[in-house]
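To start, the structure under review is shown below, and the notes come after it.
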Amino acid sequence: MKKIIFASKNEGKIRELRSILKDMNVSIVSLTDIDFTGDIVESGLSFEENAKIKAMEIYNMYRIPVIADDSGLVVDKLNGEPGIFSARYSGENATDEINNLLLIKKLNALPEPHKAKFVCAAVYFDGTEIQTAIGEVNGKIINKPRGTKGFGYDPLFIPDGFTQTMGELDDDIKNKISHRYNAFNKLKKIISN
């Protein structure tokens, strides 16, 4: 069985990736599984650049194939904010709740609808070449959080074609439409070739 490090400590993302790759002959280990305690500086200017930085840094340390991703929310009327700063939108000690409040505050001054998309750049690096896949899900931002499932901006984001937020959708539905699912699923096809 081929071992692949997933450059993440996020349990939700790890579960999602393992589920998507479950029919492949691979073993996914997280940064927690390998006791990685370092800090990876995401100094890229795009989701793809940040994912590549993570993948190459972890590969260079362990010499095992790596999957890495970077993802976030892109809001049209905020010129793409929070973008690559999604997780730390409200500053160094950002929390999901504070990030959501800041986003709502900025959007309240602007007319609805607040079109947005979640974007995920996923990469696979085995020491030879970096393979990249981009996944997106379009929708809109609402001004009051709904739902306790998911994390980040999920309670504020209604995907196109739905009336529920990502924070209200069951995992089995969310995982079939999410930006990460779209990116990881494309990456799965690349890895299996």
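Does Gly127 qualify as being farther than 25 Å from Glu11 by Cβ and either of a type in the set (D, E, K, R) or touching a residue at least 24 places away in the same chain (Cβ under 8 Å) (or both)? So Gly127 passes the test. Against the test of being closer than 24 Å to Asn138 by Cα, exposed (fewer than 14 other Cβ atoms within 10 Å of the Cβ) and among the charged types (D, E, K, R), the options Glu16, Glu97 yield a single qualifying residue, Glu97. The combined condition, being surrounded by fewer than 22 Cβ atoms within 10 Å (Cβ to Cβ) and closer than 19 Å to Gly12 by Cα, is fulfilled by Gly147. Identify all residues within the range 120-166 that are among the polar types (S, T, N, Q) and farther than 20 Å from Asn50 by Cβ; write none if there are none. If the condition is that a residue be among the polar types (S, T, N, Q) and farther than 20 Å from Asn50 by Cβ, then Thr128, Asn138, Asn143, Thr148, Thr163, Gln164, Thr165 are the ones that fit.
In the set (1) among the aliphatic types (A, V, I, L, M); (2) in contact (Cβ under 8 Å) with a residue 60 or more places away in the chain; (3) out of contact with any helix residue (DSSP H, G or I) (no Cβ under 9 Å at 6 or more places or on another chain), Ala121 fails one condition alone, (3).
Annotation note: Cβ proximity below 9 Å between a residue of the range 27-46 that is assigned to a loop (DSSP other than H, G, I, E, B) and a residue that is among the β-branched types (Val, Ile, Thr) and loosely packed, with under 10 Cβ neighbours inside 10 Å (sequence gap 6+ or interchain) occurs for Leu31/Thr37. Being over 24 Å from Glu168 (Cα atoms), of a type outside the set (Val, Ile, Thr) and either assigned to a loop (DSSP other than H, G, I, E, B) or modelled with pLDDT of 95 or more (or both) narrows it down to one residue among Ala122, Ala116; which is it? The conditions single out Ala122.
Scanning the range 5-27 for residues that are at pLDDT 95 or above and among the aliphatic types (A, V, I, L, M) gives Ile5, Ala7.
Within the range 108-117, can one find any residue that is under 24 Å from Asn138 (Cα atoms), out of contact with any Ser or Thr (no Cβ under 9 Å at 6 or more places or on another chain) and among the acidic types (Asp, Glu)? Within the range 108-117 (the criterion being under 24 Å from Asn138 (Cα atoms), out of contact with any Ser or Thr (no Cβ under 9 Å at 6 or more places or on another chain) and among the acidic types (Asp, Glu)), the answer is yes, since at least one residue qualifies. Considering only residues in the range 35-52 that are surrounded by 16 or more Cβ atoms within 10 Å (Cβ to Cβ) and not charged (D, E, K, R), the one that is farthest from Gly72 (Cα to Cα) turns out to be Phe36. If you go through the range 47-76, how many residues are more than 26 Å from Tyr153 (Cβ to Cβ), among the charged types (D, E, K, R) and not in a helix (DSSP H, G or I)? Here the count works out to 1.
The values are calculated or read from the model by the stated rules, or taken from the named source; none is laboratory data. Remember, it's a predicted structure, so these values are computed and weren't measured experimentally. In this analysis, Cβ positions are derived from the backbone assuming ideal geometry, glycine residues included, and neighbour counts consider all displayed protein chains.
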